[in-house]
Amino acid sequence: METNYAVFGARRPSRRCNPVAVGSAAAAAAVFMGLVAFSGSNNDLAAPTMRIVSTASQPRVASRSVRCNSQVLAQPHVTTKSKEIFDEAKQLMPGGVSSPVRAFKSVGGEPVVFDRVKGAYAWDVDGNKYVDYVGTWGPAILGHADDEVLGKIKDTMEKGTSFGAPGVLENVLAKMVIDAVPSVEMVRFTNSGTEACMGMIRLIRAYTQREKVIKFEGCYHGHADSFLVQAGSGVATLGLPDSPGVPKASTQGTLCAQYNSLESVKKIFEDNKDEIAGVILEPVVGNSGFIKPTKEFLEGLRKLCDENGALLVFDEVMTGFRIAYGGAQEHFGVTPDVTTMGKVIGGGLPVGAYGGKKEIMEMVAPAGPMYQAGTLSGNPLAMAAGIATLERLSQPGTYEKLDKLTDKLINGIMDAAKEAGHEVCGGHISGMFGFFFTKGPVSCFADAAKSDTEKFARWHRGMLERGIYLAPSQYEAGFMSLAHTEEDIDNTIAAAKEVFATL
């Protein structure tokens, strides 16, 4: 195997450079100990390209370069310990992971194993540092291991890690959610987004006394049987049309429409008159990559539901408190009947929630007959983390900062792709973003599926080797945090330019 290894700039690095990114003299010396063979090609900065020729006795190394003060410096990207741990994990857990997309199946190679996280950064077990744009898949909007959030958790932990009984922090977080989210007058906490969606679909069926629901191709609402029909996220990543083990009876009441197509929804309503309990969607798709709705589409869904006696449900597990303090419904000015939430409201701890109009939520036990329960629901540690997170997010300028950073990142990456002659499209809303390796535009899952996933995989690996951690799938959104800096964005765009030049 041969790995590209580029070294740029002969001057001594500035003392302001990050010592972790620059690497030690010993690491640099190891690179040149008889392992370097010159290539005749140059990159866009007219620097010599070198190749490290791997041997059986060498550790796994790959190119990694980080820009600092207008220089690009390199250090080996060694993942020996990650490989050892992941090899063991594959003997202990299915695929070596606790959630499928983490296995890097769609981008090739093997995942790096994290050791710790802080702020905008992650470190793997080999000591490599990354600028992280996954943010534990969305919750780390303040940055990883935020000191204020950790402090709140520690204070609460002194009182116990779980009650299994009512706690005052549930009231506090519930009031914050109700005050922020336009559709929510009452809320039920769960342990995950999947649990929230399971409770939600049972609730809307109980309230309307109808069984059929409309979802959209490529939208993911957790792994409950009813939703694993043309779902996005890990299902799209792994190329599974549906999941084995899901009974036909479980999905017979789930009808699929095309995202951003009101006509497809109208037809389903016409063909199933007075049988539709609700329309469920990600108001901004994040599980087929990042796909924006048109406001007309959301407004049209609201009207269709009202005309047909159905409930409109926004799955805001990803967008809630992420693209605006009041979620997508605040951003677009369209209010659903029921909302599911998760991720950000737990501040990095396991949490989910569903809420809506009081008359609907009072169907939930013990107030009403629709049963749903959970041993760890309303866990005090998760409530404390959520409260601390929302307190910070409610401060002025929060979402403006996220928008500014994300705008610079996504436009920088797309400009870099264009300069190198690659077709890439993308976009963002506040701190949520995504791009597709296709000309675009992308307005539904069918459009997203035209992406060059093989090219994305090569680009992803190149970015990883340069210390940039992105979602390991073309079909996942990315996330900005308040801990990211302008320098992080500049370094990421510089890395993107290098990698695009190699594709």
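Taking amide hydrogens as placed 1.01 Å from N in the peptide plane, the amide H of K212 sits under 5 Å from those of A277, each at least 5 positions away in sequence or on another chain.
Taking a straight line from the alpha carbon of K152, these aspartates and glutamates sit under 13 Å away, with near neighbours fewer than eight places off in the same chain left out: E391. Backbone geometry of segment 151-163 corresponds, through the Karplus equation with coefficients 6.51, -1.76 and 1.60 at θ = phi - 60°, to 3J(HN,Hα) couplings of x, 5, 5, 4, 4, 5, 4, 4, 8, x, 8, 7, 9 Hz, x marking Gly and Pro.
Cross-link pairs exceeding 28 Å in C-alpha to C-alpha distance, out of K154/K292; K118/K343; K343/K455; K292/K343; K129/K295; K129/K343, comprise K154/K292; K343/K455; K129/K295.
Taking θ as phi - 60° and the Karplus parameters 6.51, -1.76 and 1.60, the scalar couplings of segment 473-488 work out to 6, 5, 9, 9, 7, x, 9, 9, 10, 5, 7, 5, 10, 4, 5, 4 Hz in sequence order, x denoting glycine and proline. Taking the square roots of 5 times each eigenvalue of the Cα gyration tensor of segment 147-394, largest first, gives ellipsoid semi-axes of 30, 18, 18 Å.
Within segment 269-377, the GluC sites (Glu not before Pro) that combine a DSSP coil assignment with at most 14 other C-beta atoms in a 10 angstrom radius are E362. Looking at segment 354-496, what % of the alpha carbon pairs are farther apart than 23 Å? Percent of Cα pairs beyond 23 Å in segment 354-496: 52. For the pair segment 439-503 / segment 295-351, the C-alpha centres are spaced 26 Å from each other. The spread of Cα positions in segment 293-404, taken along each principal axis and listed from longest to shortest, comes to 40, 40, 17 Å. Take segment 382-455 with all the other protein chains still there, run a 1.4 Å probe, and you get 42 Å² of accessible area per residue. Multiplying the residue separation of A165 and V97 by 0.36 nm and subtracting their alpha-carbon distance yields 21.3 nm.
The values are calculated or read from the model by the stated rules, or taken from the named source; none is laboratory data. Computed from a prediction, not measured in an experiment: that's the story for all the values here. Every residue, glycine among them, receives a Cβ derived from its backbone with ideal geometry; neighbour counts consider all protein chains shown. The area values use the complete protein model at the heavy-atom level, side chains included, leaving out ligands, DNA and RNA. Shrake-Rupley method; radii C 1.70, N 1.55, O 1.52, S 1.80 Å.
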